[in-house]
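K.L.:
One structure coming up, written as structure tokens, with questions to follow.
The values are calculated or read from the model by the stated rules, or taken from the named source; none is laboratory data. The model shown is predicted, which means the values in this text are computed figures rather than measured ones. Positions of Cβ are backbone-derived with ideal geometry, glycine not excepted, and every protein chain shown enters the neighbour counts.
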Amino acid sequence: MKCCVYTVLLGGYEDINEQPVACRSQLPFVCLTDDATLQSASWDCRLVEPVFPQDPIRSQRDLKIRPHMYLPDYDCSIYIDNSVVLKEPPERLLELFEPETGFLVPPHSFRETVLDEFLEVARLGFDDSTRIFEQLNHYTLSCPEVLTERPWWSAILVRDHRSARVRSMLEIWASHVMRYSRRDQLSINVAFKAANLQPTALPIDNLLSDLHVWPQVVGRDREKGARNITVSLMPVGARIRHLEQKQAELLSAHEQESRALRTENARLSAAFEFEHAAVNAARSAEATALHQEIARLHAKAEARRTKNRLRRWRDKVIRLFHPGRGRAPAADIDRRAGTSDLTA
């Protein structure tokens, strides 16, 4: 059975991821791209013409979903999203492939039901909500039981191109992606049911396993060109007006932010001035109290100096008039002075 590994990269959506395991594999690694300048050490880059030049996402989905149309030289293929990097040679996937079913795909490891996938795609804005909920309403009426199934994770797909049932399922799947949401995981369960095909489940965690790691994203831009759901169908004039409105919104947001910053700056300045005045007032009061205490202590010291000076003068007088007595106690001197006054 002749098999290949392939990925699809259109519209300059992101940088190509190299696959180091390619050198350990006997399978060719093919990248279908619209970029004539794209080069890779591990991928054989093949130039393709997008089926919808102004809709790179659905063009990518067409190449992803229908390998029997775009890779007719191979009996089977292993598709991996560009954000998936293999840790082991892809032959490991072929070992898990069951020819009886002709389809190997991992279940979604962190979404419980297809309905949950619808709600998450709408919440993240990955497609137009009108189209998403139209599709959900149609499925609710035609196949409500599918909405309770666990969704499949379509980043890794192993398919037998020779199986008529697999090809039928892929054509149904592609029709739903072209008619409804471009998010292919919303319609893969319905396509399996419509084709009466039960795939083989690849039992791996979507984020990390022994076989792969995901997501490995370099240079991705979801808003680039027609990938932006809000502008993908806009005429040029409407696109220009949309950009003008977006610019006005950004300027308005910038002005609001500037006003908020100015208001906050004024508030902080007022708070600083208030705190500064309070600190100055406290320091002034403290300085006044300190000066007053210094003046009190100075006055007290001056009074002591005066008292001591008077005492020294009195001692001199006593020694002058009573040389034999020496220095008399102040009380004795006062007593004698009073007696002298009475005698006189």
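K.L.:
Does the stretch 154-184 hold any residues that are farther than 17 Å from Arg131 by Cβ, among the basic types (Lys, Arg) and surrounded by fewer than 23 Cβ atoms within 10 Å (Cβ to Cβ), and which are they?
P.N.:
Residues satisfying the conditions are Arg162, Arg165, Arg167.
K.L.:
Here is a follow-up. So, in the stretch 5-45, exactly how many residues are in a strand (DSSP E or B) and of a type in the set (S, T, N, Q)?
P.N.:
2
K.L.:
Restricting to the stretch 35-79, name every residue that is in contact with a helix residue (DSSP H, G or I) (Cβ under 7 Å, 6 or more places away or on another chain) and acidic (Asp, Glu).
P.N.:
Within the stretch 35-79, Asp55, Asp62 meet the criteria.
K.L.:
Out of all the residues in the stretch 12-36, which are hydroxyl-bearing (Ser, Thr, Tyr) and more than 23 Å from Arg92 (Cβ to Cβ)?
P.N.:
Tyr13, Thr33
K.L.:
List the number of the failed condition for Thr130; all other conditions in (1) assigned by TED's automatic domain parsing to the domain that holds Ser209; (2) under 36 Å from the mean Cα position of the chain (by Cα) hold.
P.N.:
(1) is the only condition that Thr130 fails.
K.L.:
Select from the stretch 140-153 the residues that are in a helix (DSSP H, G or I) and within 23 Å of Phe103 (Cα to Cα) and list them in ascending order.
P.N.:
Glu145, Val146, Leu147, Thr148 - these are the residues of the stretch 140-153 that are in a helix (DSSP H, G or I) and within 23 Å of Phe103 (Cα to Cα).
K.L.:
Ok, one more. I need every pair where a residue in the stretch 48-77 that is in the same structural domain as Pro28 (by TED's automatic domain parsing) and assigned to a loop (DSSP other than H, G, I, E, B) has its Cβ under 8 Å from the Cβ of a residue that is among the polar types (S, T, N, Q) and modelled with pLDDT under 95, sequence separation at least 6 or different chains.
P.N.:
Pairs found: Gln54/Ser232; Asp55/Ser232.
K.L.:
Of all residues in the stretch 60-83, how many are in contact with a strand residue (DSSP E or B) (Cβ under 8 Å, 6 or more places away or on another chain) and either among the aromatic types (Phe, Trp, Tyr) or over 30 Å from Tyr139 (Cα atoms) (or both)?
P.N.:
Result for the stretch 60-83: 6.
K.L.:
Shifting gears a bit: Here are Phe133, Phe126: which of them is surrounded by 13 or more Cβ atoms within 10 Å (Cβ to Cβ), aromatic (Phe, Trp, Tyr), free of Cβ contacts under 8 Å to residues at least 24 places away in the same chain and within 14 Å of Arg183 (Cα to Cα)?
P.N.:
Phe133
K.L.:
Next question, about the same structure. Quick check on Glu88: is it within 33 Å of the chain's Cα centre (by Cα) and surrounded by fewer than 16 Cβ atoms within 10 Å (Cβ to Cβ)?
P.N.:
It is true that Glu88 is within 33 Å of the chain's Cα centre (by Cα) and surrounded by fewer than 16 Cβ atoms within 10 Å (Cβ to Cβ).
K.L.:
Output the residues belonging to the stretch 185-208 that are under 25 Å from Ala122 (Cα atoms) and either crowded, with 22+ Cβ neighbours inside 10 Å or over 38 Å from the mean Cα position of the chain (by Cα) (or both).
P.N.:
Leu186, Ser187, Ile188, Asn189, Val190, Ala191, Ala194
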